[in-house]
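Structure first, then comments.
The values are calculated or read from the model by the stated rules, or taken from the named source; none is laboratory data. All values derive from a computational prediction rather than experimental measurement. We place every Cβ from the backbone using ideal geometry, glycine too, and count neighbours over all the protein chains shown. With ligands, DNA and RNA removed, areas are computed over all heavy atoms of the protein, side chains included. Shrake-Rupley method; radii C 1.70, N 1.55, O 1.52, S 1.80 Å.
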Amino acid sequence: SAVISQKPSRDICQRGTSLTIQCQVDSQVTMMFWYRQQPGQSLTLIATANQGSEATYESGFVIDKFPISRPNLTFSTLTVSNMSPEDSSIYLCSVLRLTEAFFGQGTRLTVV
Amino acid sequence: GIQVEQSPPDLILQEGANSTLRCNFSDSVNNLQWFHQNPWGQLINLFYIPSGTKQNGRLSATTVATERYSLLYISSSQTTDSGVYFCAVRNFLRYTDKLIFGTGTRLQVFP
């Protein structure tokens, strides 16, 4: 298995502000993944973060809104920028260990 | 891309009952996982099961890859089984490493 520490676990933010979510893994991984889960919905991949290169974003997600950093093989951050109430979601980071995916505890974001 | 549908969308059970959750996918896969999302939002790995059958306590899962479906069985359900169950699939030879999640089954178990 993989131990993934994600923080903050929850936050309430004002619209127009930004929040940075951190994800720390217990061992080196090539790729880290960021997902969004809107209320009552399934999980949707935002982007894949590789160390040393630009993140790859899925359709509907852009770097200006969700900038990602990947400074080393055990750490990544996702920023939700210029937030609006529609950004209220659970955000989760994920890694692959061999071929199995593991997830952090998630960040429950509420934008007011 | 791969489409993943789960049924039923909602399930209400009394404690002690058994249930079967289904996951259908539209293309061949070489990775399938079942997760339980607890009320706090945390995703818990239940099974990694691209094919065959596995059992873990009261839970078991079967994947028939050639027919593109997987089943999750919950026996003698408990209130702690409540939450949302997701299957997720991947075909890393064709669609890179992206994990595609199903629509989910929301389970409520009452005492």
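Could you please find all residues in the range B:63-94 being assigned to a strand (DSSP E or B) and on the phi > 0 side of the Ramachandran plot?
Listed by number, the list holds a single entry, B:Gly83.
From the residues in the range B:81-111 that are within 14 Å of chain A (Cβ to nearest Cβ) and among the charged types (D, E, K, R), which one is most open to solvent (accessible area, probe 1.4 Å)? Filtering first and then ranking leaves B:Arg106. Selection of the range B:1-28 for residues being of a type in the set (Val, Ile, Thr) and open to solvent by 20 Å² or more (accessible area, probe 1.4 Å) yields B:Ile12, B:Thr20.
Considering only residues in the range A:27-40 that are of a type outside the set (A, V, I, L, M) and at the interface with another protein chain (Cβ under 10 Å from one of its Cβ atoms), the one that is surrounded by the fewest Cβ atoms within 10 Å (Cβ to Cβ) turns out to be A:Gly40.
For the range A:41-67, filtering for residues that are assigned to a loop (DSSP other than H, G, I, E, B), modelled with pLDDT under 95 and within 11 Å of another protein chain (Cβ to nearest Cβ) leaves 2.
Can you tell me how many residues within the range B:33-53 are in contact with a helix residue (DSSP H, G or I) (Cβ under 8 Å, 6 or more places away or on another chain) and within 11 Å of chain A (Cβ to nearest Cβ)? Selection size over the range B:33-53: 1. Counting the residues of the range B:52-80 that are under 23 Å from A:Ser42 (Cα atoms), surrounded by 14 or more Cβ atoms within 10 Å (Cβ to Cβ) and free of Cβ contacts under 8 Å to residues at least 40 places away in the same chain gives 6. Has the range A:91-112 got at least one residue that is open to solvent by 50 Å² or more (accessible area, probe 1.4 Å), touching a Cys at 6+ places or on another chain (Cβ under 8 Å) and either within 13 Å of chain B (Cβ to nearest Cβ) or assigned to a loop (DSSP other than H, G, I, E, B) (or both)? Yes: the range A:91-112 contains one or more residues that are open to solvent by 50 Å² or more (accessible area, probe 1.4 Å), touching a Cys at 6+ places or on another chain (Cβ under 8 Å) and either within 13 Å of chain B (Cβ to nearest Cβ) or assigned to a loop (DSSP other than H, G, I, E, B) (or both). Has the range A:12-26 got at least one residue that is surrounded by 13 or more Cβ atoms within 10 Å (Cβ to Cβ), among the basic types (Lys, Arg) and either modelled with pLDDT of 95 or more or in a loop (DSSP other than H, G, I, E, B) (or both)? Looking for residues that are surrounded by 13 or more Cβ atoms within 10 Å (Cβ to Cβ), among the basic types (Lys, Arg) and either modelled with pLDDT of 95 or more or in a loop (DSSP other than H, G, I, E, B) (or both), one finds none in the range A:12-26, hence no. Of the residues in the range B:3-16, at least one is more than 24 Å from B:Glu67 (Cα to Cα) and not in a strand (DSSP E or B).
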